[in-house]
Amino acid sequence: MLNVPVFYATTEGHTRRIAETIAAVLRERGFASEALQLSSTLPSPDWSTIASAVVGGSLHAGRHQSAVRDFVKRELNRLNERPTAFFSVSLSAASRNENERAAARRIASAFLDAVHWWPGRVACIGGKLAYTQYGFFTRWMMRRIAAREGGPTDTSRDHDLTDWAAVRDFALGVADDASERVKTAAAS
């Protein structure tokens, strides 16, 4: 069984949930897949068994986690040799404002350009307003931003803004890309 790992970095934990959902869909489609949190202790994967790979991270102050950047730079040649996908999680991606959603897409694209990675699939996915995990100042600032955007302002709880159907569709596309690679390799 060929492997399609989902590598991710998270700050408040929501990107982990998205990565685990993607891995679950890939398993439903017959691939071995698990969500692997990027860290300095994660060893380099055994690329000989990997048909495709997914990498994701969340945006904070306009940047993805350094663990995502470091992993992509370290594994760039292997990533560019196979079908790959990238997902970027942010509140901007869930905005009702098209300019905010476009900004999220530009940041994801700029990240990929900066690291010279060319994944076949890229998704900008809405995240979570994690009010209960923020400190006072961040909670206050995020509430102001949410109010301006027409978003949820109840700071007594968190608000999931992820389009889970879109996450599933993204994962199904990744599975299709990996299946195509397997068919092409078998025909060679």
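The values are calculated or read from the model by the stated rules, or taken from the named source; none is laboratory data. Because the structure is predicted, anything quoted here is derived from the model rather than measured. Cβ sites come from the backbone with ideal geometry, for glycine too, and all protein chains shown count toward neighbours.
Annotations for the structure displayed:
- Residues that are within 18 Å of Ala61 (Cβ to Cβ) and touching a residue at least 40 places away in the same chain (Cβ under 8 Å), drawn from region 87-107: Val89, Leu91, Ala94, Ser95, Glu100, Ala104, Ile107
- Residues of region 91-132 that are closer than 24 Å to Ser66 by Cβ and aromatic (Phe, Trp, Tyr): Phe111, Trp117, Trp118.
- Within region 9-55, the residues that satisfy the criterion of being out of contact with any His (no Cβ under 9 Å at 6 or more places or on another chain), under 24 Å from Gly127 (Cα atoms) and among the β-branched types (Val, Ile, Thr) are Thr10, Thr15, Ile18, Thr21, Ile22, Val25, Val54, Val55.
- Options Arg74, Arg106, Arg96: the member that is surrounded by fewer than 17 Cβ atoms within 10 Å (Cβ to Cβ), more than 27 Å from Val4 (Cβ to Cβ) and at pLDDT below 95: Arg96
- Within the set Ser33, Ser48, the sole residue that is over 15 Å from Val72 (Cα atoms) and modelled with pLDDT of 95 or more turns out to be Ser33.
- Taking region 23-59 as the range and being surrounded by 14 or more Cβ atoms within 10 Å (Cβ to Cβ) and under 27 Å from Thr138 (Cβ atoms) as the test, the residues that pass are Ala35, Gln37, Leu38, Val55, Gly56, Gly57, Ser58, Leu59.
- Residue that is nearest to the chain's Cα centre (by Cα), among those in region 140-152 that are more than 16 Å from Asn97 (Cβ to Cβ) and surrounded by fewer than 16 Cβ atoms within 10 Å (Cβ to Cβ): Met141
- Just one of (1) more than 15 Å from Phe170 (Cβ to Cβ); (2) assigned to a strand (DSSP E or B) fails for Ala123. It is (1).
- Taking every residue in region 1-23 that is over 19 Å from Asp46 (Cβ atoms) and pairing it with any residue that is hydroxyl-bearing (Ser, Thr, Tyr) and assigned to a helix (DSSP H, G or I), at least 6 positions away or on another chain, the pairs with Cβ-Cβ distances below 7 Å are Ala9/Thr15.
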